[in-house]
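Okay, structure first, notes after.
The values are calculated or read from the model by the stated rules, or taken from the named source; none is laboratory data. These numbers come from a predicted model, not from an experiment. Cβ sites come from the backbone with ideal geometry, for glycine too, and all protein chains shown count toward neighbours. These accessible areas exclude ligands, DNA and RNA; they are computed on the full protein's heavy atoms, side chains included. Shrake-Rupley method; radii C 1.70, N 1.55, O 1.52, S 1.80 Å.
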Amino acid sequence: DAEFKEWMGGDGPRATPTWADGRIYALGATGEFRVLDAASGRLAWRANILDDNAAQNLPWGMAASPLVVDDLVIVLPGGPAGRSVVAYDRRTGARRWSVLNDKQAYSAPMLATIAGRRQVLIVTARRLVALAPENGELLWEYPWPTTDDINASQPVVLPPGNRVLLSSGYGHGAAVIEVTSERNRFGTRLVWEHTRLKNRFSSSVVHDGFIYGLDEAILTCLDAETGAVKWKGGRYGHGQIVLASAHLVVLTEV
């Protein structure tokens with residue numbers, strides 16, 4: 001009953017399973033969420049995150065991998081009335097908190113420490129939000145709309161830890177924002193923005209002050225501080241990039 005079929009992206013799940021403390025947290029494209037014992041495959045608990053939160057599926061299915069934080073597992077059903085982001089007790093499946101009304105996109109929630117505060121970063125269909133993992137409190141936000149509300153790549157936290165790179169295709173580009181903190185109140189400041197790096201699906205990587213990513217299909221290097229293009233070359237389609245031992249490993253689409 002959880003099979004997902006879609007002609008452009010292919011059949012099957014989109015989200016990578018998460019492992020934590022001997023359990024696997026696996027989300028299917030139709031919203032079916034299963035928590036399994038990793039050794040035996042025994043079902044610990046399950047929920048359909050769309051049905052559970054009165055949410056509609058996205059055209060290309062649920063793609064955001066579950067995020068385990070402390071005793072919670074955070075998922076992104078995109079439901080209305082404060083059920084866009086939901087945290088379940090990762091041991092029992094009981095709802096612990098739910099927040100926001102955002103339509104979700106295809107980027108997974110990620111845990112980061114920014115400006116000295118641990119927070120969950122989520123790129124929804126139209127903005128980047130940072131939430132307190134313990135209760136879902138909105139710490140700060142930054143607008144990030146695209147054509148057809150498609151955001152798929154992950155944000156990247158830049159050293160020393162108070163700047164975030166955003167990049168999307170679908171008519172947008174790239175930007176670095178700086179997160180400020182004063183008396184436990186957060187704000188954002190745009191450092192630079194342009195259209196010379198458009199991560200459609202794959203996320204960029206950072207090494208020694210440079211950003212490497214696919215501008216649609218072309219491998220691109222930017223100066224992280226200024227956004228200046230250092231070089232562009234090689235057409236790889238909408239592939240994937242891994243940074244390993246100071247080398248870029250590029251998985252091509254073609």
Restricting the first residue to the stretch 127-142 and requiring it to be crowded, with 16+ Cβ neighbours inside 10 Å, which pairs with a second residue that is basic (Lys, Arg) and at pLDDT 95 or above meet a Cβ separation below 6 Å and a spacing of at least six or different chains? Glu141/Arg127
If you scan the stretch 114-136, which residues turn out to be in a strand (DSSP E or B) and hydrophobic (A, V, I, L, M, F, W, C)? Ile114, Val120, Leu121, Ile122, Val123, Leu128, Val129, Ala130, Leu131
Output the residue which, of all residues in the stretch 198-214 that are surrounded by 14 or more Cβ atoms within 10 Å (Cβ to Cβ) and part of a strand (DSSP E or B), is nearest to the chain's Cα centre (by Cα). Val205
The residue that is nearest to Gly9 (Cα to Cα), considering only those in the stretch 220-249 that are crowded, with 16+ Cβ neighbours inside 10 Å and among the β-branched types (Val, Ile, Thr), is Ile241
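Could you say which residue among Leu43, Leu100 is open to solvent by 20 Å² or more (accessible area, probe 1.4 Å) and touching an Asp or Glu at 6+ places or on another chain (Cβ under 9 Å)?
On the way: Leu100 fails: touching an Asp or Glu at 6+ places or on another chain (Cβ under 9 Å).
Answer to the check: Leu43.
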Being in contact (Cβ under 8 Å) with a residue 40 or more places away in the chain and assigned to a strand (DSSP E or B) is the filter; apply it to the stretch 220-252 and report the residue that is nearest to Val176 (Cα to Cα). Leu222
Of the residues Ala217, Ala175, Ala152, which is touching a residue at least 60 places away in the same chain (Cβ under 8 Å), of a type outside the set (D, E, K, R) and open to solvent by less than 70 Å² (accessible area, probe 1.4 Å)? Ala152
